[in-house]
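**Q** Please read through the structure below; I'll follow up with questions.
The values are calculated or read from the model by the stated rules, or taken from the named source; none is laboratory data. Note that the structure is a prediction, hence the values are computed from the model and not measured. All Cβ positions, glycine included, derive from the backbone under ideal geometry; neighbour counts span all protein chains shown. We work out accessible area using only protein heavy atoms, side chains counted, and drop any ligands, DNA or RNA first. Shrake-Rupley method; radii C 1.70, N 1.55, O 1.52, S 1.80 Å.
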Amino acid sequence: CCRPEAGNIAMIGVLGLQGDFEAHGKKLEQAGSDTQIVKKPEQLDLLDGLIIPGGESTTLIKLMDLYEFWEPLRTFAVQGKPILGTCAGMILLAREVLNPSQKSLGLIDVAVERNSYGRQRESFEATGRFIAKGHATELEMIFIRAPRIHRLGTGVDALAFYEDDCVLARQGHILVASFHPELTGNLSVHRYFLDMTL
C-alpha cells in the first residue's frame, strides 16, 4: 500500500526525536526525494518510507516511550513500508541487542552490540565495500560509537562490509547500517533505500 506511482516522488520521513536527522533529510533531497521530519506518530501515515537516524539509543527509547511511537512504528513496518536505521537506528530495529540488552522493535533478525567499535573519541572514517545488484563498489563510511552486527539471521542479506564485518544488512523492507551514510559525500545508501520504496 501507499507506494509512489511511477514518476512520482517518494515522501520519506526522518524520525526527528534526537540525533542528526537533518543530515539525512539533506541527503534524501539530493537523491531526489521529498522529506518530512517526523515528531508525532500520526505523521507516519503520510510516508512512503522512514529513516531512524543515529543518536543515543537509550535516549531515543525514552522519547519513543514518551511519544508512544512503538506500536505505530510496528504497524508502519507491517504495512510493508521500508525503514532504514543507521547506528542507533539499527539498534532500535534489531531483534537482539547486546552490551547491555535493551528494548527494540525486533524488525530485522540481527544481533547487534552497542558501541562495539569504540567510544566517541575512537570514531573513525574508513572505506568499505558496498554490494548492490551484483556489483561491488568502494563506499566511504563514518563510524561514531558504532554498533557491530554479531549475527545475521536466516533471510538477512549482507550488503556492505568494513574489513570482515557486515555493516549494512537488509531483510525484506528493513535496512540497517552500523555507519553514518548521511555524513559522507556518497548517496549510494540513500539511493538504494529510495529504490526500496518503488
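**Q** Which value at 222 nm does the chain reach when only helices count, each DSSP H run of 4 or more adding -39,500 (n - 2.57), with the total divided by all residues and rounded to the nearest 500 deg cm²/dmol?
**A** Per the formula, -6000 deg cm²/dmol.
**Q** Another question, if that's okay. When the accessible area of the chain is computed with all protein chains present and a 1.4 Å probe, what percentage of it is carbon and sulfur?
**A** Its accessible area is 48 percent carbon and sulfur atoms.
**Q** Okay, next question. Any aspartates and glutamates with Cα under 12 Å of the LYS39 Cα? List them, leaving off those in the same chain fewer than 8 positions away.
**A** Correct list for LYS39: GLU68.
**Q** Whole-Hz ³J(HN,Hα) for each residue in segment 41-50, computed from phi via Karplus 6.51 cos²θ - 1.76 cosθ + 1.60 with θ = phi - 60°, x for glycine and proline: what do you get?
**A** x, 5, 5, 4, 4, 9, 9, 9, x, 9
**Q** What does the extension gain come out to for GLU42 and THR58, with contour length at 0.36 nm per residue minus their alpha carbon separation?
**A** Answer, rounded to one decimal: 3.5 nm.
**Q** Report the extension gain between ASN8 and LEU66 in nm, rounded to one decimal, defined as 0.36 nm multiplied by the number of residues separating them, less their alpha carbon distance.
**A** Here the segment from ASN8 to LEU66 would lengthen by 17.4 nm.
**Q** If I model a spin label as a point 7 Å beyond the Cα along the Cα-Cβ vector, how far apart are those points for ARG121 and GLU96 in nm?
**A** 3.2 nm
**Q** Let me ask you something else. Need one number: the % of Cα-Cα pairs in segment 18-96 sitting beyond the 21 Å mark.
**A** So the portion of pairs separated by more than 21 Å is 22 percent.
**Q** Still on this model: Above 21 Å lies some portion of the pair distances; for the chain, what is it as a whole percent of all C-alpha pairs?
**A** 46 percent
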